[in-house]
Every structure is written in C-alpha cells, then in structure tokens.
Amino acid sequence: MELTNQLIFLAGVLFLASILASTVTPRLGVPLLLVFLVVGMLAGEDGPGGIPFSNYPLANLAATAALAVVLFDRSGPASSDSFPGFISDALPGYAASCSGSALKYTVSGVWPSSDECGR
C-alpha cells in the first residue's frame, strides 16, 4: 500500500509540474516540448529522480500521448485566414524532407519495404 501511495504522489507531482510548465513557458518563450523533455529526463532512470521503468510499450504509449498534448497545446481556434498561410509556410519544409528522403534512398540504393513503412 505504501508503494501505491508513493506512485500516486509522484504522478501528482509530475502532473503539477506539467501544469506549471504549460502556464510558464509562453511567458518565457521556451517551447513546451523542451520543458517536457527536461522534466522526463530528470525524472527518468538516469536522472536525479531515478524512477525505474522497463515497460517499453507503455513508455511508447505515454510518449505518444504526451506528444499529442504538446502538438495540440499550440492549436487554438483556427480561422480560415490563417490556414492557407500555414500551408504556404510549411510547404518548403515538406518538399525538402521528401526530396531529401528520395535522394538518400536513391544514393543508398535501398528503398524501404512496405513492412518498414508500417503497412
């Protein structure tokens, strides 16, 4: 029972840290993702928190959920005027990443199979 109480307390402390981080970071101009990464590194096995964790599927699920929170944190009410601007700003990055990947696969001569692409 003592371990359960400690885990609940630890989860509450980490949750409180995430709430404080999401309210303080816009004022400081620091990306919220960076704060979540630092808190995770400090709380993890190799950090001062020293929380042992070896359930990798659960870690993947938690990381995916945290990434979704971070991505949707910046999304406010979208207007139709701002969306075309976003597409025109993001298009060069998408084109560069796609052409870079195609160049890498062409130079190396190894294309990913459908299994490697998650299909």
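Read-outs throughout are calculated quantities, based only on the coordinates presented, and are distinct from any laboratory measurement. Here the structure is a predicted model, which means the values were calculated and not measured. Here the Cβ is made from the backbone with ideal geometry for all residues, glycine too, and neighbour counts use every protein chain on show.
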Notebook entry, point to check: Length gain on complete extension for the stretch Asn55 to Ser22, per 0.36 nm per residue less the alpha carbon to alpha carbon distance?
Noted result: 9.2 nm
Item checked: Ordering of 94-104, 10-20 by packing [mean C-beta count within 10 Å, highest first] -> 10-20, 94-104
